[in-house]
Structures are given as structure tokens and as C-alpha cells.
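Read the structure below first, then the notes.
The values are calculated or read from the model by the stated rules, or taken from the named source; none is laboratory data. Fair warning: this is a prediction, and the values are worked out from it, not measured in the lab. No Cβ is skipped: glycine too gets one built from the backbone with ideal geometry, and neighbour counts run over all protein chains shown.
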Amino acid sequence: QTRFSSHEVAMEGEKQPQPAVADSSATVSKVLDDDNLLVEILLRVSFPNTLIRAALVCRRWLCHVSDKAFLGRFRKLHPPRLLGFYIDTGMGPCFTPMLPQPPELAVVIDRACFCPDTWQCRRAHVLDCRNGRVLTMLQDGPRFELGVHTALCTLTERGMTTFPPFPRYNRPEGRFCIWPCLISKEQGDDLSYFYVLIESSEETSKVTVRVYMLQHGIWCTHHTLATDQPSLPLWDPKLVLVDSKIYITVAPRNIMVLDLSVSSCSTICLPQGVEYGDRDAMLSRADDASSVYLIQVKELQLHIWLHKGNNWLLVDTIFMSEMVANLRMQDYTVEDEHIDVLRILQVGDNAEFVFFQMGRCILYLDIKGKTLRKVYEMKDKDWYSVYYIFPFKMVWPPIFPALKPNLQESPSEEQYHPAQ
């Protein structure tokens, strides 16, 4: 019987073809060369930043992942993920990630943890956060600067795009309460910003709303609408912008609706038995431009209403007594004396989630998953007894690499440069 040394066997092995490896490579190539199969595979990568890596493979992959129809399907399967939230405690805003997160998002979360304290100012405040852009006010004594920080930029691109000062106007005579508000709206791949002033007369039932829009670096008057409110306005009106309609909670039992497309003002009465109290109800944007959600918490019960057409529909009721009891068993820092007091701090679009304050704790409720957990605990240095929460979600759509405009590539060539 002939014997071979290990060296001879190895050399012989190198000469012999590897049928298993060859067959596997052929199978992979057959799959990846099929556009329909490739699209179905790319739809299951879960994260938009992974799509960007896929776009770097070749021009064909870039064409697939940047196709509008593909992006629409991808977003439906993988809605923008909640990465964390900015919380203003009176000592300046800080970012708190929602943990755990998959390792693929580690770099994204690190970039979201920007620190406004690095700018030369005494205090910083977050005013709005949408699609990766953080609207920030930097205050230094009586002076302040307003601008947008793009949190997910690289270190060399980070900075703040400043806004002009707020518009001045002639204050009406008499006793008035005035509330300024800043809201944003997604338009394509960009954001539009609106500055809203609500004037409420303490002597009459008149309420005037002035809407300014930031256009080409200037605050331009967009609309001025006035109406009568039969009940006293709230001390802290809340605004939600859905398409061209601004929903304002200026009264305990109704909602003022400003339709900017037709310059009209109307009123929606709240559902029977529902009224605004001390942070126990909040509006939430809906995908449907003609609808809005109302989320109310009462005696550890969460009610989710949808206003569509002219009617309110109770779409869900969540009983939270058992959730809170289980949370107390898992975390001793959730105080017993506050278990019956939940205050709504912030809600997600499409009624996806709710942030509550309960005593010294911030709780997060995933409405779809029906899960409640603690995500923040008050520190001794915090100034505020009530917090301001600004959710930070994954940016959409992803920004793909751009082909060099000075090259005439054939479809098989794969040369890219980063999008500016």
C-alpha cells in the first residue's frame, strides 16, 4: 500500500480542484446575478446604513438600493428605528441611547451623542428633533443663537447651521398671553421650519395665531388667523403639524385646526369625557394627512384615539397597572408613592411609543409591543422637576454615494466618490 507524506498530500490537494467550493461560488454568483433575488435579499438587511455599504459594491447594487420603489418597500418593512432621545433637565441637553442596540448601529449612536456644551455659551436647549436634525438654541445671557445641528455628520462636517433672529411684531394693546413655538415638517429629503406665535387675550375669547416660515434664510409671514375660543386657553399649548394642517391644543376640551393650504381655521371637540389636564394627553402625527392621534393617560390606563374625517375612533386601550407593578419588582428605584401618577412627556409619530414621567423616573412604553421600561432616572444635579424629551430616530432616506460626474463609466465600471 502506497503511503504519502503530509507535504505530498498538501501539494496534491492544491493541485486538485475543490468541487464543493466551486459549486458554492457558482451558486452564490447565480443568486447575486439575479436582480429579483438580489432585491429580496437587500430588503432584509434591516438597517439603512447597511444599504449604504451595499451601494458601494457596484453600480448595479447602487441602482437597486437607491430605487424609489425599493426604498418604499424597505421603509415599510423597517420603519426608522428609535435610537435614543435628547433630554433637557435644566443643565443642558444630553443624549440617552435606547439600549440594547445592534452592533451595526454603534457608530450611528456615537455620532448622535454630540455635546452642545462644546460651543461657547452658558446654556443650550434642544427645541426640536426630526430626521437627524437637532434644532438647538444657544443662550449667553440676554443673547441667543438658533440653529440646526446635523447629528449624524462626520467629525469634519459637524457644526451648526444658524438661523436668523425671530421676527419682530407689534404687540397688541391690552392683557395678552403669548406662546412662541417652533415646529418642523419633512418635505422630500429636507425639512421646513415654522415659527408660530399664539396670542390669547385675557379680556376676551380672541385667539390669534401668527405663522412664519423660514425661506432662504428669512422668516417670512405665512399666515395670520384669528378665532374665538369659548374656554380659557391652556398655559402650555401643544402643536402638531400634519401635512398642511397645524393642530393646536389651546383649550381643555377642543383642538384648533389651522389649514395653511386654504387659510382656514376650525375646531375639533375632544371625545366624550376627555379633556386636557396636567400633561395627561398629547397629540401624535398620523401618516394620513387628514388624521391625528390623541393619546391620553388616566388612572394607569392609556387611551389612543384617532380623529379621521369628523369622528373620533378609540383604536386601543392599554391597562398599565400590571406593567408598573412588574417594573417596581424589577427596579427598586421606581418609587411606590408615584405609581399612580403618570405624566406624558412625549409621544412618537403614528402613536408608536410614549415617554412618561413617574416621580424621578422616565419610562418608555412601546405601544405595539405593550412593553414598559425605565430609560432615565433623575440626577441630583438636575434642575427641572418636569423634563423635555426629544426622540432621535434613524435618518431616512439614506444618503448614497454619488458617481463622479467627470467620468463616463460604462455600466460595468464601479468608481464612486462620497456624496458631499
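Restricting the first member to the stretch 339-358 and to residues that are under 18 Å from Ile87 (Cα atoms), and the second to residues that are at pLDDT 95 or above and surrounded by fewer than 18 Cβ atoms within 10 Å (Cβ to Cβ), the beta-carbon pairs closer than 7 Å and six or more apart or on different chains are Phe353/Asp366. Of the residues that make up the stretch 66-87, is at least one in a loop (DSSP other than H, G, I, E, B), loosely packed, with under 15 Cβ neighbours inside 10 Å and among the aliphatic types (A, V, I, L, M)? No; the residues of the stretch 66-87 include none that is in a loop (DSSP other than H, G, I, E, B), loosely packed, with under 15 Cβ neighbours inside 10 Å and among the aliphatic types (A, V, I, L, M). Scan the stretch 51-103 residue by residue and report those that are in contact (Cβ under 8 Å) with a residue 60 or more places away in the chain and polar (S, T, N, Q). Ser66, Thr89, Thr96, listed by residue number. Of everything in the stretch 284-305 that is surrounded by fewer than 19 Cβ atoms within 10 Å (Cβ to Cβ) and either of a type in the set (Val, Ile, Thr) or within 13 Å of Ala351 (Cα to Cα) (or both), the residue that is nearest to the chain's Cα centre (by Cα) is Asp287. Within the stretch 235-248, one or more residues are at positive phi and modelled with pLDDT of 85 or more.
Looking only at residues of the stretch 341-379 that are part of a strand (DSSP E or B) and among the charged types (D, E, K, R), we find that the one that is surrounded by the fewest Cβ atoms within 10 Å (Cβ to Cβ) is Glu377. Only one of the numbered conditions (1) part of a helix (DSSP H, G or I); (2) within 18 Å of the chain's Cα centre (by Cα) is violated by Ser46, and that is (1).
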